[in-house]
Amino acid sequence: MGAMHRVEQFWRHSAGRIQRVESDRALEVLGPNLYPAFATLPRNERRHGLDVLATVDRLETRPERLLRQAALLHDLGKARSGMSVLDRSQAVFLAAVSPAVLRAYLRLRPGFARRLARYRDHAAVGAQHLRQLGAAELAGIVSEHHARRPAHPLTVRLQLADERN
């Protein structure tokens, strides 16, 4: 992804508003058991999930409910990382510009390094949370949404939508 796309993505997710109709759509897709997990996400993560859902709905003729749920909740684990949008942006920028500078920064800031490690493990963290909510099949998709060769065919379709957002 280019730098301009990252700037646009940052702005859209940090400043983006969520309309009532979008929250209602999320409740319809997730149901009363999973919706609270979505509703407690930071606004930028909810905005991203809603954008991925809109992309799924544009790309798919009749998307499965499980795929739509995964669109909304695939980054659930990010909220538990303790990384702010600015922290994440800083890490992405440093990784792109100079991985050596990022490594040095992580050595100097062990707390930041721990948060970044949790952030990078967000797929497993989110999947664990979903298993606790009784959504094992959804957890399987979420757990592999960054995999190079995902096992579940819905994960590939989720990745296509996520990459566009």
- Only one of (1) touching a Leu at 6+ places or on another chain (Cβ under 9 Å); (2) closer than 18 Å to His129 by Cα fails for Gly82. Which number is that? (1)
- Among (1) more than 13 Å from the chain's Cα centre (by Cα); (2) at pLDDT 90 or above; (3) not in a loop (DSSP other than H, G, I, E, B), which single condition is Thr61 missing? (3)
- Restrict the check to region 119-131 and report whether at least one residue is touching a Leu at 6+ places or on another chain (Cβ under 8 Å) and of a type in the set (Ser, Thr, Tyr). no
- Query: Among the residues of region 38-58, how many are within 13 Å of the chain's Cα centre (by Cα) and in a helix (DSSP H, G or I)?
  - Reply: 12
- Query: Say we look at region 48-96 and pick out the residues that are surrounded by fewer than 22 Cβ atoms within 10 Å (Cβ to Cβ) and of a type in the set (S, T, N, Q); which of these is farthest from Ala124 (Cα to Cα)?
  - Reply: Thr61
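The values are calculated or read from the model by the stated rules, or taken from the named source; none is laboratory data. Predicted model only: the values in this text are computed from it and were never measured. Glycine also receives a Cβ, built like all others from the backbone with ideal geometry; neighbour counts cover every protein chain displayed.
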